[in-house]
Structures are given as structure tokens and as C-alpha cells.
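These notes concern the structure reproduced below.
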Amino acid sequence: MRSREEVEATLHIAKLNPAELLPPVHCLSFSPRASAGDCCLLQLEPGLCAELEAGHSLVIRGEKDEQAVLCSKDKTYDMKIADTSNMLLFIPGCKTPEQLLADQASCNIIHTQIAGFSNNYWELRRCRPKLKKLKTLLMENPYEGPDSERAKTLTASKYTTEDLLDQIQASEEEILHQLEVVNACNIEGYWRVLEFDYEMKLLNHVTQLIDSESWSFSKVPLSICLQELGPLEPKEMIQHILLSYGMKYTDEAEVYFEMNEDKICTAIAQMLLQNAVKFNLSEFQEVWQQSVPEGMRTRLDQLKYLPAGERSTVVLH
């Protein structure tokens with residue numbers, strides 16, 4: 001345990017003026033249990049620090065064969081080890097100069113044990129969420145309708161939100177947003193994408209009802225759709241297809257959907273091309289226009305939204 005005289009002698013040897021330093025002195029010693037690797041340091045931007053101080057959590061995600069990422073509630077960060085030439089010491093209860101100035105009762109000599117040390121720390125860099133795996137998981141077991149579902153075994157792959165959070169390297173908000181992008185729906189607690197033929201069957205029910213009722217594509221009433229199509233398909237599937245191919249809004253306390261012409265035309269183009277080896281462009285355009293609901297117009301730029309496999313079957317002549 002150093003005395004004040006020993007501290008001042010050390011300052012004299014180091015050619016430091018005691019008058020330029022704060023009166024309190026930290027005398028450090030290594031704890032017998034202090035070692036490298038017991039603790040890790042993580043460098044955080046101010047926004048992430050604020051989240052932790054507010055009681056939120058940060059999660060590290062990744063399988064054994066994946067580079068780990070750190071996720072907040074709405075952002076994803078790559079993790080990279082950064083080396084430092086100065087050893088970093090972990091000192092429990094160590095006071096900063098500002099805290100020492102505020103604490104007039106501080107002892108002149110403070111004896112503290114070092115709990116651990118490190119020569120590196122984790123550095124975070126904002127990155128894009130790694131969402132490609134999400135569609136792959138959902139396509140393992142697409143939803144083909146209630147009749148087909150009853151015939152499937154209980155071991156078929158299905159994923160809850162928690163399952164996806166465990167396997168996808170992205171924040172919760174980024175995953176939920178991507179589920180909307182791929183038109184996934186939550187069925188009995190599991191996220192599912194619709195099998196394409198079943199999706200087209202549902203869409204055909206809706207467009208035929210619109211045609212038979214002579215509705216405008218900009219004002220399709222939800223309540224009547226559910227009432228008329230409910231006996232044919234589950235009501236939640238009817239509502240899901242309206243959400244997938246339209247925009248929901250309210251008018252005089254009634255819920256309506258404005259159907260998206262581009263999405264509907266693109267889906268019908270995909271249906272036509274799905275089993276085709278190749279199509280002459282002019283022939284395809286004619287068949288395509290005849291296949292979409294009356295009042296909608298097809299355009300070649302709608303084909304850019306097709307999956308790559310279907311785009312390649314259109315042959316220009």
C-alpha cells in the first residue's frame with residue numbers, strides 16, 4: 001500500500017508537477033483473479049448507449065457458420081475486433097476526474113484492484129440486414145389452403161416470430177418489415193407465404209367478385225368481400241389477399257381497398273409464364289392483356305417485378 005510520500009516521490013521521478021494534478025491518487029494492483037478474456041469491450045454509438053440506458057436489449061445473432069451481427073430493435077451491425085496498442089483495464093468503481101471534482105470527500109489515495117484487462121474491443125458498423133434466408137425458410141412449407149394443410153404431417157417446417165429472430169441476422173423491425181414485403185401472413189401463430197397457385201385462386205375470387213358487382217378497382221368494400229367469399233375460403237385469407245394486392249383505407253367508417261393494377265398484372269404475367277418454355281413477345285402481350293381483369297392495362301415495365309426465372313422466358317422478336 002503506497003503512502004503519500006511514495007506517491008510524491010514517484011511523481012518527482014516522472015517529472016510531473018503535483019500542482020497540475022487532482023489531489024486524489026489511484027493506486028492500482030492486479031486482482032489474483034484478473035485475466036484477459038473474462039470480459040469483452042464493445043464500442044457503442046450514442047444512440048445504442050441511450051437504448052441500453054433506457055432498458056432495451058442488444059442481441060448478437062448468427063449460426064456457427066455465420067459472421068456474428070449485433071441487433072438493436074430496428075438496426076443491424078457487423079461486429080469486428082479492433083486491436084489497441086494500450087492495454088485496457090477493467091476497474092470496478094473507478095471514478096472519473098469529473099466525479100472526483102464533484103466528490104469533495106474523496107480520499108487522497110484510493111487503492112483499487114484491476115478486475116481484468118484486454119488488448120482489443122468489438123467495433124460496430126451499421127450494415128444491411130441479412131434477410132435472404134427468410135424467404136428460403138418460408139418457402140420450405142408454403143401455405144396451400146386449409147384442405148391441403150389438414151393432409152400435411154405435423155413435422156412440416158413452420159416458424160414463429162421467435163423462431164425467425166433466432167435464425168435471421170436482422171433486427172425485429174427489419175424482419176417484420178421484410179415479412180410484409182414478401183406478403184407473409186400469420187396463420188395460427190406461424191409465418192407462412194402462400195403457395196402461388198393458391199394465391200392466384202384467391203386473387204381470382206376477388207377480381208371475379210369485383211367484376212360481377214361492377215365495383216371500381218379503387219373502392220372495393222372489405223365487408224361485402226368477406227360476406228360473399230367467406231363460404232369459399234377462410235376470411236383471413238380473403239383479407240390477406242386484399243392487403244397483398246391493394247391499399248387499405250376507411251371512408252365513412254367503412255373499410256375499402258384500392259387495388260394495385262401493377263401488382264395484379266405482374267402476378268397474372270407470372271402465372272402465364274410459370275409453365276412456359278418461351279413466349280413470342282407480341283403473342284404474350286396479347287394473351288396477357290386478355291387475362292387481366294377488364295379495365296386494367298398491361299405494360300412491359302410491369303415485368304421488371306417478376307422473379308428472374310419468369311423474366312427469362314419472354315423472348316423478344
Fill in the blank from the handout: Rounded to the nearest 10, the angle in degrees between the Cα long axis of helix 172-181 and the longest principal axis of the Cα atoms of the chain comes to 20 degrees
Problem - Apportionment of accessible area to carbon and sulfur, the chain, percent (1.4 Å) - result: 51 percent
Handout entry: Cα gyration tensor shape for the range 218-272, rounded if a/c is under 1.5, else prolate or oblate
Key = oblate
Problem - Nitroxide proxy distance, nm - points 7 Å out along Cα→Cβ at Cys127 and Asp251 - result: 4.8 nm
Handout entry: Degrees between helix 235-245 axis and first principal axis of the chain (Cα, 0 to 90, nearest 10)
Key = 80 degrees
Problem - Electrostatic dipole magnitude of the chain [Cβ: Lys, Arg +1; Asp, Glu -1; Cα centre; debye, to 20] - result: 1060 debye
Practice task
Please calculate how many Å² of accessible area the chain carries per residue, with a 1.4 Å probe and no DNA, RNA or ligand atoms counted.
Solution key: 62 Å²
Practice task
Take every DSSP beta bridge whose two residues both sit in the range 21-149, then give the antiparallel share in percent to the nearest 5.
Solution key: 60 percent
Fill in the blank from the handout: If one builds a Gaussian network model of the chain from Cα atoms under 10 Å apart, the most fluctuating residue listed among Lys278, Lys80, Lys248 is Lys278
Practice task
Highest first, please rank the peptides 202-210, 189-197, 2-10 by the mean number of other Cβ atoms sitting within 10 Å of their residues.
Solution key: 202-210, 189-197, 2-10
Exercise for the section: Report the charge-dipole magnitude of the range 133-172 in Debye, nearest 20, computed about the Cα centre from +1 at each Lys and Arg Cβ and -1 at each Asp and Glu Cβ. Expected result: 140 debye
Fill in the blank from the handout: The relative contact order of the range 31-139, taking Cα pairs under 8 Å that sit 6 or more residues apart, comes to a percentage of 39 percent
Handout entry: Over the range 12-134, volume per residue of the alpha carbon convex hull, in Å³
Key = 174 Å³
Problem - Relative contact order (%) - criterion: Cα under 8 Å, at least six apart; region: the chain - result: 14 percent
Completion exercise
The helix 281-291 Cα axis meets the longest alpha-carbon principal axis of the chain at an angle in degrees, between 0 and 90 and rounded to 10, of 80 degrees
Practice task
Answer with one residue from Phe217, His240, Phe279: the one whose Cα lies farthest towards the positive end of the charge dipole of the range 216-284, charges on Cβ with Lys, Arg +1 and Asp, Glu -1.
Solution key: Phe279
Completion exercise
In deg cm²/dmol, rounded to the nearest 500, the helical mean residue ellipticity at 222 nm of the chain, built from -39500 (n - 2.57) for every DSSP H run of length 4 or more, is -10500 deg cm²/dmol
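The values are calculated or read from the model by the stated rules, or taken from the named source; none is laboratory data. In this text, all values refer to a predicted model and were calculated from it rather than measured experimentally. Heads up, the Cβs are rebuilt from the backbone with ideal geometry, glycines too, and the neighbour counts pull from every protein chain shown. Calculation scope for accessible area: heavy atoms of the full protein, side chains included, ligands and nucleic acids excluded. Shrake-Rupley method; radii C 1.70, N 1.55, O 1.52, S 1.80 Å.
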